[in-house]
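**Student:** After the structure tokens below, expect a handful of questions from me.
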Amino acid sequence: ESARKDISLEFGVKTFESLTPELLMSVDAVDVVTPADTHFEIVKKCLKYTNVFVEKPLSTSEKNSIQLDNVAKRYKRILVVGHIFRYHPVSEKLKELLGGSGLPNKIRGSFINPRSAYRGHEPSIELLHLFDVVNFIWNKKPETVHATRVEDFVSIVDVSYAKVSNAQFILGWQGEYKKRAMVFVYSDITVEADVVDGTILVSSKNKPKVYKCPIKMEPLKRELVDFVGAITGKNKSYVDAKVASNIVS
């Protein structure tokens, strides 16, 4: 009750204690920002009455994600999933640089959050951004995925793509600092990306080249603007449930 009053006072908006059909029918859309294991039931309920934007992952299983896609189609709703790194300038530059080159020989990535932020989440679900970045750049799904817990809060995930590219992702909660790093190794070049400082280093036989990727508009704002465009018919391209299901799988 105290949180409800605080929100009303700070933002000047109405607040509610439950998702009733009457409430859902009265709005143009719902933005779901809740723990991942609650997404399926909440999104399923909302889609019967209105459009939905939900933070990643769409759900915690491929089966449930596909079911939500079917519910959205049945009720003719727009369902958008917040895979925010598709809107980050580092990911966009990587797609520009590497998207036409085919998969690299090796991919390495580390997505680490501070240990103090751990809330009992499964690393491969909560920090699935690396799967998404590879899918975004090359539109590829893994052929095999094998995760090993090396600490209580950290997983090493070995991934194979199209039998030509081997990837290893380190995901979890460790230390005091956030880390968002990726390395793509080709026969002639190595590309290192750091999302935290917004840089990409391309190393080859020639002089190394550094790309700066500043954020001009916050990725969260960009994806929400795209969502508004989708529900108003101005934007036909967005991260739909089919793409999100591939990432969850």
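The values are calculated or read from the model by the stated rules, or taken from the named source; none is laboratory data. These numbers were taken from a predicted model, which means no experiment stands behind them. Counting neighbours? That spans all protein chains shown, and the Cβs are built from the backbone with ideal geometry, glycine included. Ligands, DNA and RNA are excluded from the accessible area calculation, which covers all protein heavy atoms including side chains. Shrake-Rupley method; radii C 1.70, N 1.55, O 1.52, S 1.80 Å.
**Student:** Looking at the chain, send over the antiparallel percent of its DSSP beta bridges, to the nearest 5.
**Tutor:** Taking every DSSP beta bridge within the chain, about 70 percent pair in antiparallel fashion.
**Student:** Starting from the Cα-Cα distance between SER249 and ASP197, subtract it from 0.36 nm times their residue separation and give me the gain in nm to one decimal.
**Tutor:** Taking SER249 through ASP197 to full extension adds about 15.7 nm, to one decimal.
**Student:** Let me ask something else about it. Quick one: length gained pulling THR34 to ARG149 fully straight, 0.36 nm per residue minus the C-alpha distance?
**Tutor:** Length difference between fully extended and current span is 38.9 nm.
**Student:** Which value does Rg/Rh take for the range 140-214 over its C-alpha atoms, Rh per Kirkwood?
**Tutor:** Taking Rg over the Kirkwood Rh, I get 1.03.
**Student:** Return one whole number: the accessible area per residue of the range 85-149 in Å², for a 1.4 Å probe.
**Tutor:** Heavy-atom accessible area per residue stands at 46 Å².
**Student:** Now for a separate question. Quick one: 3J(HN,Hα) in Hz for the range 154-159, Karplus 6.51/-1.76/1.60 with θ = phi - 60°, rounded, Gly and Pro as x.
**Tutor:** 9, 10, 9, 10, 9, 10
**Student:** Bin all alpha-carbon pair distances of the range 84-158 at 5 Å intervals from 0 and give each bin's fraction as a whole percent.
**Tutor:** 3, 12, 25, 23, 17, 13, 6, 1
**Student:** Cross-link partners among lysines for LYS216, C-alpha distance below 27 Å, same-chain residues fewer than 8 apart left out?
**Tutor:** Straight-distance partners of LYS216: LYS56, LYS93, LYS95, LYS178, LYS179, LYS234, LYS236.
**Student:** For the range 1-157, just the Cα atoms, rotate onto the principal axes and tell me the three extents in Å, largest first.
**Tutor:** 53, 39, 30
**Student:** Along the Cα→Cβ direction, 7 angstrom out, place labels at LYS242 and LYS221. What is the inter-label distance in nm?
**Tutor:** 3.2
**Student:** Going through the range 171-230, which chymotrypsin sites (Phe, Trp or Tyr not before Pro) have at most 16 other Cβ atoms within 10 Å and a DSSP loop state?
**Tutor:** TYR177, TYR186
**Student:** By how many nm would the segment from SER160 to GLU22 grow when fully extended, if each residue of separation counts as 0.36 nm and the alpha-carbon distance is taken off?
**Tutor:** 44.9 nm
**Student:** Counting only heavy atoms of protein chains, what accessible area per residue, in Å², does the range 1-82 have with a probe of 1.4 Å?
**Tutor:** 61
**Student:** Calculated FRET efficiency, LYS205 and LYS140, Cβ-Cβ r, R0 35 Å, to nearest 0.05?
**Tutor:** Once rounded, the FRET efficiency stands at 0.80.
**Student:** Can you tally the net charge around LYS5? Count Lys and Arg as +1, Asp and Glu as -1, for every other residue whose Cβ sits under 15 Å from the Cβ of LYS5.
**Tutor:** -2
**Student:** Could I ask something else about it? Cα to Cα, under 14 Å, and not fewer than 8 places away if on the same chain: which aspartates and glutamates meet these conditions relative to LYS5?
**Tutor:** Within reach: GLU17.
**Student:** Would you work out what percent of the accessible area of the range 196-245, with all protein chains in place, is carbon or sulfur (probe 1.4 Å)?
**Tutor:** Ligands and nucleic acids excluded, carbon and sulfur give 57 percent.
**Student:** Below 15 Å, Cα to Cα, which aspartates and glutamates can LYS106 reach? Residues fewer than 8 away in the same chain don't count.
**Tutor:** GLU143, ASP158, ASP188, GLU192
**Student:** Additional query: Would you calculate a helix-derived [θ] at 222 nm for the chain, using -39,500 (n - 2.57) for each DSSP H run of n ≥ 4 and dividing by the full residue count, to the nearest 500?
**Tutor:** -9500 deg cm²/dmol
**Student:** Which ³J(HN,Hα) values, rounded to whole Hz and listed in residue order, are derived for the range 36-48 from phi using the Karplus coefficients 6.51, -1.76 and 1.60 in 6.51 cos²θ - 1.76 cosθ + 1.60 with θ = phi - 60°, glycine and proline given as x?
**Tutor:** 4, 6, 9, 4, 4, 5, 5, 5, 4, 5, 5, 4, 5
**Student:** Rounded to the nearest percent, how much of the accessible area of the range 1-131 (1.4 Å probe, protein heavy atoms only) is carbon and sulfur?
**Tutor:** The computed percentage sits at 51.
**Student:** Largest first and to the nearest Å, give the Cα extent of the range 191-231 along each principal axis.
**Tutor:** That works out to 48, 17, 12 Å along the principal axes.
**Student:** While we're here: Which of rounded, prolate, oblate describes the range 102-249, given a ≥ b ≥ c as roots of the alpha-carbon gyration tensor eigenvalues and a/c under 1.5 marking rounded, otherwise prolate only if a/b is larger than b/c?
**Tutor:** Rounded, since a/c falls under 1.5.
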